[in-house]
Amino acid sequence: MPLYQAPLRDMQFVLHELLQTEQNYQKLPKYQEAFSRELIDQYLEAAADFCVNELAPINQQGDQQGCHLSQGMVSTPQGFKSAYEKYVELGFTSLTADPEYGGQGLPTLLRISISEMLCGSNWAWAMYPGLSHGAMRTIEHHGTEQQKHRFLTKLIAGVWTGTMCLTESHAGSDLGLIRTKAVPNPDGSYAITGEKIFISAGEHDLAENIIHIVLARLPDAPTGTKGISLFIVPKFNVDDQGNIQNRNNVLCSAIEHKMGIHGNATCVLNFDAAKGYLIGPENRGLNCMFTFMNTARIGTAVQGLAASEISFQGALAYAKERLAMRSLSGAKYPQKNADPIIVHPAVRTMLMTQKAFSEGGRALAYLLAQHVDIVESSDDVEQRQKSDELLALLTPIAKAFLTETGNESAKHGVQVFGGHGFIVEHGMEQIVRDARISTLYEGTTEIQSLDLLARKVLKTEGKLLNHMTGLIQEFIEQNQSDQALSVYLEKLDELKQQWLSITRKIAEKARQNPEEIGAVSVDYLFFSGYVVFAYLWARMAKVALEKLSDGVPDTKFYQAKLSTAKFFYQKLLPRTQMHAAAIASGAEAVMELDEDAFSF
């Protein structure tokens with residue numbers, strides 16, 4: 001099994017050098033006094049110690065033991081419960097929550113960076129507390145004061161955990177089809193009846209109560225998404241002070257037998273007139289749920305980033321030790337029977353791809369988290385709006401692109417190991433199995449692509465896209481006199497113009513045939529992802545060049561950053577032209593074959 005090591009040096013590079021967190025957060029009134037570089041590093045080091053020494057050692061056994069269901073109760077793998085107790089003891093459950101209800105009031109950026117380490121060291125375990133953050137945010141944003149004191153305080157303390165219950169067997173991404181019902185009770189609560197599937201962490205033995213955030217329909221509600229309401233449904237009923245009472249009518253009837261993340265209980269939950277409480281306005285549940293879903297989408301992007309990082313770590317360690325053949329340019333280690341495989345260009349290509357995706361993904365995920373904090377904390381209305389619109393554009397890109405590149409990295413990890421990668425003991429195949437779900441969670445890659453192109457770009461007539469291309473143009477103009485950056489800036493400017501041109505052409509075609517949008521949306525998202533990465537890699541190259549010019553001692557780190565930027569631009573960025581060509585071909589080849597002619 002890969003021995004996970006928290007990538008603290010690169011995390012600190014992104015936080016302190018690329019995003020200049022301490023300096024920028026001084027502009028946010030909420031964090032002016034309480035958030036410093038020293039505090040960030042202290043939390044990161046504590047989280048790294050927890051992940052390396054508590055979570056990573058139980059990752060593989062969690063995969064092998066899995067979860068077990070007996071009489072509606074789920075037992076988690078050995079060590080999971082004690083690790084959760086340690087996590088609570090360290091105070092990580094309350095990081096970003098409102099201090100009024102027991103939280104520490106720290107930025108989302110810090111939680112996201114810690115989440116990366118949790119997912120990298122033990123993906124299945126990380127999902128238990130991970131789902132709670134979305135439940136907390138939903139209740140914080142939309143709950144009544146009574147609901148906050150009743151449910152939120154225990155969630156923040158980590159005594160309880162949370163879930164979101166959306167999916168039904170007949171309704172996946174199309175939530176307008178859900179059938180779960182909510183009937184008013186005389187006491188103001190609701191009787192929730194229905195079945196939800198694929199509920200991550202839906203039942204377990206880590207916490208004394210589980211708070212389900214459930215989508216359901218009120219009697220006579222409008223059809224479709226306009227008739228969905230949102231409810232708080234606890235596993236155990238509680239009184240007004242939050243004290244546990246009797247068991248609610250929520251039962252785990254099955255746990256899914258999955259390809260991966262075996263250590264996390266993915267449940268079928270049956271609600272049989274379970275007591276629930278309306279959160280937010282009637283028939284506006286989907287709007288409220290998006291608070292949870294958008295949080296979860298960034299969290300899923302981080303899972304993709306984590307897959308790239310841990311697969312890179314495993315492959316790199318193996319490539320330095322495994323001996324096979326000699327370098328084509330002559331033996332590099334003549335004292336050994338063969339050279340380590342890291343000398344071979346084919347292996348180095350896979351390793352560099354993993355490294356480029358991991359470090360680029362980290363920059364994008366942390367950038368998103370920083371804009372979440374601006375939206376929620378800045379007193380500059382214009383800046384809040386710009387950040388909100390940038391998040392709207394970049395969230396589907398990050399969710400889909402980081403999970404797809406995470407899967408590619410996981411595949412490379414197995415490939416570097418060769419036949420050994422296919423063997424369970426080495427742990428590389430587990431990364432592939434665990435990572436595969438990430439492209440499906442919170443809307444598949446195809447759903448995210450449609451959201452990006454149809455809603456975020458075309459529906460806004462390019463307004464949100466112009467914000468991103470404006471940032472790129474601003475970076476180009478600010479650095480156009482820097483000859484060392486010219487190789488990046490010229491390509492970045494070219495891609496920016498191509499991005500805008502492609503978008504205009506799609507819009508023109510779509511006016512004649514709406515199917516053009518669906519036919520090219522996935523290629524459009526990939527194109528967009530590579531361009532966003534190009535922007536971030538150019539920014540990282542700029543920082544590295546400045547540090548080297550200043551004569552900093554850590555030259556190897558910054559030289560490696562420049563080499564990775566060069567690799568991304570020369571070897572991975574040309575993929576944009578493949579996607580551009582596919583986009584230009586349009587919908588004809590996709591839609592030509594008649595449905596009746598599909599056969600096997």
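The values are calculated or read from the model by the stated rules, or taken from the named source; none is laboratory data. Keep in mind the model is a prediction, meaning the values are calculated, not measured. Here Cβ is always computed from backbone atoms with ideal geometry, including for glycine, and neighbour counts include all displayed protein chains.
Here are some notes:
- Residue match in region 410-417 (condition: β-branched (Val, Ile, Thr) and more than 13 Å from the chain's Cα centre (by Cα)): yes
- Test: Phe50 is crowded, with 20+ Cβ neighbours inside 10 Å, farther than 17 Å from Gly120 by Cα and not basic (Lys, Arg): no
- Against the test of being closer than 28 Å to Phe312 by Cβ and either in contact with a strand residue (DSSP E or B) (Cβ under 6 Å, 6 or more places away or on another chain) or not assigned by TED's automatic domain parsing to the domain that holds Ala538 (or both), the options Arg384, Arg362 yield a single qualifying residue, Arg362.
- Listing of strands (runs of 3 or more DSSP E) fully contained in region 210-291 that carry 2 or more residues being in contact (Cβ under 8 Å) with a residue 40 or more places away in the chain: 229-234, 250-255, 266-278
- Among (1) in contact with a helix residue (DSSP H, G or I) (Cβ under 7 Å, 6 or more places away or on another chain); (2) more than 19 Å from Leu391 (Cα to Cα); (3) not assigned by TED's automatic domain parsing to the domain that holds Thr405 - the single one Ser501 does not satisfy: (1)
- Single unsatisfied condition, Met136 versus (1) in contact (Cβ under 8 Å) with a residue 60 or more places away in the chain; (2) surrounded by 23 or more Cβ atoms within 10 Å (Cβ to Cβ); (3) of a type outside the set (Lys, Arg): (1)
- Residues being in a helix (DSSP H, G or I), touching a Gly at 6+ places or on another chain (Cβ under 7 Å) and not aliphatic (A, V, I, L, M) are entirely absent from region 363-370.
- Helices (runs of 4 or more DSSP H) contained in region 542-600 and holding at least 1 residues assigned by TED's automatic domain parsing to the domain that holds Gln478 and in contact with a strand residue (DSSP E or B) (Cβ under 9 Å, 6 or more places away or on another chain): none
- Evaluation of Ser82 against the conditions (1) in a helix (DSSP H, G or I); (2) touching a residue at least 24 places away in the same chain (Cβ under 8 Å); (3) within 19 Å of Trp123 (Cβ to Cβ) shows that the sole unmet condition is (2).
- Any hit, region 313-321, residues being among the acidic types (Asp, Glu), surrounded by 13 or more Cβ atoms within 10 Å (Cβ to Cβ) and either under 26 Å from Glu408 (Cβ atoms) or assigned by TED's automatic domain parsing to the domain that holds Tyr558 (or both): no
- Residue within region 59-74 that is touching a residue at least 60 places away in the same chain (Cβ under 8 Å), surrounded by fewer than 17 Cβ atoms within 10 Å (Cβ to Cβ) and part of a helix (DSSP H, G or I) present: yes
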